[in-house]
1. Which number in (1) part of a strand (DSSP E or B); (2) modelled with pLDDT of 85 or more; (3) surrounded by fewer than 16 Cβ atoms within 10 Å (Cβ to Cβ) marks the one condition that Ile79 misses?
2. Determine the pairs where a residue that is modelled with pLDDT of 95 or more, located within the range 47-61, has a partner that is part of a loop (DSSP other than H, G, I, E, B) with Cβ atoms under 6 Å apart, the partner being 6 or more residues away or on another chain.
Amino acid sequence: MKILIVYYSLYGHVLKLAQAVKEGAESVKGAEVLFRRVEEFDVVLKKTADDKYLSQVREQQKDIPVCTLDDLRAADGVIIGSPTRYGNMTAQMKQLIDSKPYMFRLFTDAENVGELLVHRWRSQHFEPRKRRVTMIDGGFSA
């Protein structure tokens, strides 16, 4: 069984979560794990080019392949990692999902989405269950 772990991490928090999930998934007999990142927007790269910390985080991720349509097609299950902003996934993750028709079909078939890794700032206004629903349902509203 091929499990795709795809994540977006600007500051490295979701990267750490995704790496822990990868380690756990690889420990399951018969599981083949594809570990992929979501590509950063050029504008973010340009505006943060002089930030030492963000440069270190990018350096940690440079050898992790960017998620492709072939990765999505090959996966039997998907685990998504994304920070949330006001209950929604990042624009980078949303762009991946919206730009790949196959990804949309994956997410509308509840059997394929195994879990969502969510990193959020502490908030009294959004409960984690609502956040997960927003990431999936909110991504596909008309």
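The values are calculated or read from the model by the stated rules, or taken from the named source; none is laboratory data. This structure is a prediction, so every number in the text was calculated from the model and none was measured. A quick note on method: Cβ atoms are made from the backbone with ideal geometry, for glycine too, and the neighbour counts reach across all protein chains shown.
1. (3)
2. Leu54/Thr48; Val57/Gly12
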